[in-house]
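The values are calculated or read from the model by the stated rules, or taken from the named source; none is laboratory data. None of the values given here were measured: they were computed from a predicted structure. Virtual Cβ from ideal backbone geometry, glycine too; neighbours counted across all protein chains shown. We work out accessible area using only protein heavy atoms, side chains counted, and drop any ligands, DNA or RNA first. Shrake-Rupley method; radii C 1.70, N 1.55, O 1.52, S 1.80 Å.
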Amino acid sequence: MVRATRRNQTALALDPSHDADDLSALRPRPSPGGQSGTAAMTSETKHLHVITWGCQMNVYDSGRMADVLAPLGYAPTELPEGADMVILNTCHIRDRAAEKVFSELGRLRVLKQAREAQGHKMVIAVAGCVAQAEGAEILARAPYVDIVLGPQTYHRLPEMVARASRAAGAVIDTDFPAEQKFDFLPDAAAPQGVTAFLTIQEGCDKFCSFCVVPYTRGAEASRPAADILAEARRMVAQGAREITLLGQNVNAWHGDGARGLGDLVRRLADIDGLIRIRYTTSHPRDMDDDLIAAHAEVPALMPFLHLPVQSGSDRILAAMNRKHTADDYRALIARLRVARPDMALSSDFIVGHPGETERDFESTMQLIRDIGFAQAFSFKYSPRPGTPAAGAGLQVPEEEKDRRIYALQALLREQQTAFNAQCAGLIIPVLVTGPGRHEGQIGGRSPWLQPVHAIGPVSLTGTVVEMKVTAAHTNSLTATLEQERACA
Ligand code: 5AD
Ligand code: SF4
């Protein structure tokens with residue numbers, strides 16, 4: 001299995017157990033793709049070790065990179081020692097990302113030298129957003145790196161590996177090619193289990209003042225519907241029962257002329273055996289009427305939405321270039337709740353954006369009180385070089401950011417605990433994802449993405465089971481089996 005270790009981004013995410021929506025989930029997690037490795041272990045087998053930082057998109061990309069390398073004989077390995085190739089799949093969204101990459105590279109350099117002393121090669125590749133943004137600096141500071149590749153060029157990895165194995169100098173490929181990388185990637189090979197991730201969209205055209213994504217991931221690009229449907233069918237044939245559609249701006253997806261995500265969701269819902277559909281991450285401006293209608297019409301579309309608002313102050317929202325107001329967001333949530341009354345919300349918040357006053361911060365707190373979130377992620381603003389906010393005056397002092405985030409997270413934690421508590425005593429449909437942490441236990445997910453644990457047989461994996469919630473915790477629910485429900 002690819003040891004796609006997910007390194008910590010920040011300790012400020014409220015819910016470290018959340019694993020689908022955000023760049024800040026703190027747990028190391030396995031890569032969804034490439035897990036079983038398609039290359040058989042022979043004497044020809046080369047070992048590939050992948051380390052992943054950041055979002056679900058990166059975890060997915062790590063799996064795809066393992067997939068494109070499998071035909072070259074690369075099979076995943078758990079440890080960097082003895083690996084023929086190590087890929088660092090990096091994330092640049094918040095501070096100190098590059099430093100973490102350089103410190104990992106320092107460790108790999110020692111391993112690479114030890115391997116060379118034994119007459120073996122170790123190809124080191126840096127992929128992802130740090131590679132995109134700081135490719136030249138990586139090669140200057142770590143000349144033993146063989147390949148630097150941006151997120152748009154993964155399909156060219158086999159060629160780069162071949163060139164790197166031959167060439168003396170490093171290979172750098174961080175272009176934004178006109179052809180979309182989706183066209184070139186092979187079909188994702190390895191099964192991901194009951195809950196699978198499927199990238200349908202890449203990039204962002206929104207240019208929020210604080211964010212590097214439009215610069216590192218490039219313009220919005222949508223994958224064609226036919227490819228998505230084919231990959232979803234394959235995932236379901238391999239055992240997936242829940243698919244989370246991924247994209248930096250997933251609800252900006254427009255794969256087929258004028259058709260948007262709502263239409264795609266309806267078509268996915270027709271796939272036999274696919275019980276649950278989710279999508280993440282969305283921008284409020286791209287929640288169109290048809291997508292809202294899909295929430296009312298498609299039972300498989302889960303009643304949980306990660307919809308970042310970032311701030312509750314109109315002044316700061318304007319400074320952030322979000323192009324919506326706090327009341328626009330309130331109105332949007334009201335419409336979603338009409339469409340799907342049991343809809344639960346998650347969001348991202350930034351405190352201490354340049355120019356944020358105490359009054360602006362209080363507006364954010366008020367928005368949180370007004371909406372009531374099932375969970376959320378929150379970050380102290382950190383300047384990202386090259387973004388407009390980084391050069392703005394009126395940077396908020398660090399102590400002030402600390403004070404604000406502390407208060408904001410306390411409120412969000414209270415809301416999350418209250419949301420979970422209201423599930424106690426209810427009978428809810430749980431998708432069983434596999435064995436639980438303890439002997440005899442199974443684990444699963446509620447419709448609202450809460451992890452659920454119960455005593456039960458692992459044979460229920462992949463089915464939806466009615467469970468009675470016996471205890472609610474801050475990050476999970478404990479339940480007992482009621483009855484097995486026929487799966488759709
Ligand atoms: N500082 C703090 N948080 C940021 N995010 C993105 N860029 C920054 C930054 N410069 C947060 C936003 C985004 C989430 C993925 O990361 O809240 O929605
Ligand atoms: Fe970044 Fe804004 Fe695009 Fe989200 S919408 S990826 S925060 S620029």
Near pairs, Cβ below 7 angstrom, 6+ apart or cross-chain, from region 91-108 (without any contact (Cβ under 8 Å) to a residue 60 or more places away in the chain and within 14 Å of residue 141 (Cα to Cα)) to any residue that is open to solvent by less than 30 Å² (accessible area, probe 1.4 Å) and within 16 Å of ligand 1 (Cβ to nearest atom)
98/130; 101/90; 101/130
Kindly evaluate residue 115 against the criterion of being within 16 Å of ligand 2 (Cβ to nearest atom) and more than 27 Å from residue 155 (Cβ to Cβ).
no
In region 288-359, which helices (runs of 4 or more DSSP H) lie fully inside it and hold 2 or more residues that are away from ligand 1 (no atom under 16 Å from the Cβ) and open to solvent by less than 10 Å² (accessible area, probe 1.4 Å)?
289-297, 326-339
Restricted to region 71-90, and to residues that are open to solvent by less than 10 Å² (accessible area, probe 1.4 Å) and among the hydrophobic types (A, V, I, L, M, F, W, C), which residue is nearest to ligand 2 (Cβ to nearest atom)?
88
In region 384-434, which residue that is assigned to a helix (DSSP H, G or I) and among the polar types (S, T, N, Q) is nearest to residue 371 (Cα to Cα)?
415
Being at pLDDT 95 or above and either surrounded by 17 or more Cβ atoms within 10 Å (Cβ to Cβ) or in the same structural domain as residue 89 (by TED's automatic domain parsing) (or both) narrows it down to one residue among 164, 190, 240; which is it?
240
Kindly indicate whether residue 226 is crowded, with 22+ Cβ neighbours inside 10 Å and either away from ligand 2 (no atom under 16 Å from the Cβ) or without any contact (Cβ under 8 Å) to a residue 40 or more places away in the chain (or both).
no
Return the pairs, sorted by first residue and then second, in which the second residue is open to solvent by 10 Å² or more (accessible area, probe 1.4 Å) and of a type in the set (A, V, I, L, M, F, W, C), the first residue lies in region 124-142 and is closer than 12 Å to residue 104 by Cα, the beta carbons are less than 7 Å apart, and the residues are 6+ apart or on different chains.
142/102
Candidates 122, 65 - the one that is surrounded by 14 or more Cβ atoms within 10 Å (Cβ to Cβ) and closer than 30 Å to residue 245 by Cβ:
65
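Yes or no, residue by residue, for (1) closer than 22 Å to residue 128 by Cβ; (2) out of contact with any Leu (no Cβ under 9 Å at 6 or more places or on another chain):
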site: 226; (1), (2): no, yes
site: 232; (1), (2): no, no
site: 238; (1), (2): no, yes
site: 248; (1), (2): yes, yes
Across region 81-128, what is the total count of residues that are assigned to a loop (DSSP other than H, G, I, E, B) and more than 24 Å from the chain's Cα centre (by Cα)?
9
Does region 88-96 include one or more residues that are touching a strand residue (DSSP E or B) at 6+ places or on another chain (Cβ under 7 Å) and basic (Lys, Arg)?
yes
Just to check your reading of the model, which residue among 245, 274 is farther than 27 Å from residue 213 by Cα, open to solvent by less than 50 Å² (accessible area, probe 1.4 Å) and either within 15 Å of ligand 1 (Cβ to nearest atom) or not in a helix (DSSP H, G or I) (or both)?
274
Just to verify a result, which residue in region 198-216, among those that are within 12 Å of ligand 1 (Cβ to nearest atom) and touching a strand residue (DSSP E or B) at 6+ places or on another chain (Cβ under 9 Å), is nearest to residue 353 (Cα to Cα)?
210
Where the second residue is open to solvent by 30 Å² or more (accessible area, probe 1.4 Å) and the first is on the phi > 0 side of the Ramachandran plot and lies in region 407-436, which pairs have Cβ atoms under 6 Å and are six or more apart or on separate chains?
434/461
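May I ask you to say which residue of 350, 371 is modelled with pLDDT of 95 or more, under 19 Å from residue 92 (Cβ atoms) and either under 26 Å from the mean Cα position of the chain (by Cα) or among the polar types (S, T, N, Q) (or both)?
Step by step, each of 350, 371 is checked, and only 350 is modelled with pLDDT of 95 or more, under 19 Å from residue 92 (Cβ atoms) and either under 26 Å from the mean Cα position of the chain (by Cα) or among the polar types (S, T, N, Q) (or both).
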Output the number of the condition that residue 233 fails; it satisfies all remaining conditions of (1) in a helix (DSSP H, G or I); (2) within 13 Å of ligand 2 (Cβ to nearest atom); (3) open to solvent by 20 Å² or more (accessible area, probe 1.4 Å).
(2)
Of all residues in region 448-486 being assigned to a loop (DSSP other than H, G, I, E, B) and open to solvent by less than 30 Å² (accessible area, probe 1.4 Å), the one that is farthest from residue 240 (Cα to Cα)
476
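Restricting attention to region 354-366, does a residue exist that is under 26 Å from residue 134 (Cβ atoms), within 16 Å of ligand 2 (Cβ to nearest atom) and either in the same structural domain as residue 473 (by TED's automatic domain parsing) or at pLDDT 95 or above (or both)?
Within region 354-366, one or more residues are under 26 Å from residue 134 (Cβ atoms), within 16 Å of ligand 2 (Cβ to nearest atom) and either in the same structural domain as residue 473 (by TED's automatic domain parsing) or at pLDDT 95 or above (or both).
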Looking at residue 445, is it buried (at least 18 other Cβ atoms within 10 Å of the Cβ), at pLDDT 95 or above, of a type in the set (D, E, K, R) and within 24 Å of the chain's Cα centre (by Cα)?
yes
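Residue 370: in a loop (DSSP other than H, G, I, E, B), under 24 Å from residue 450 (Cα atoms), open to solvent by 20 Å² or more (accessible area, probe 1.4 Å) and more than 15 Å from ligand 2 (Cβ to nearest atom), yes or no?
In short, no.
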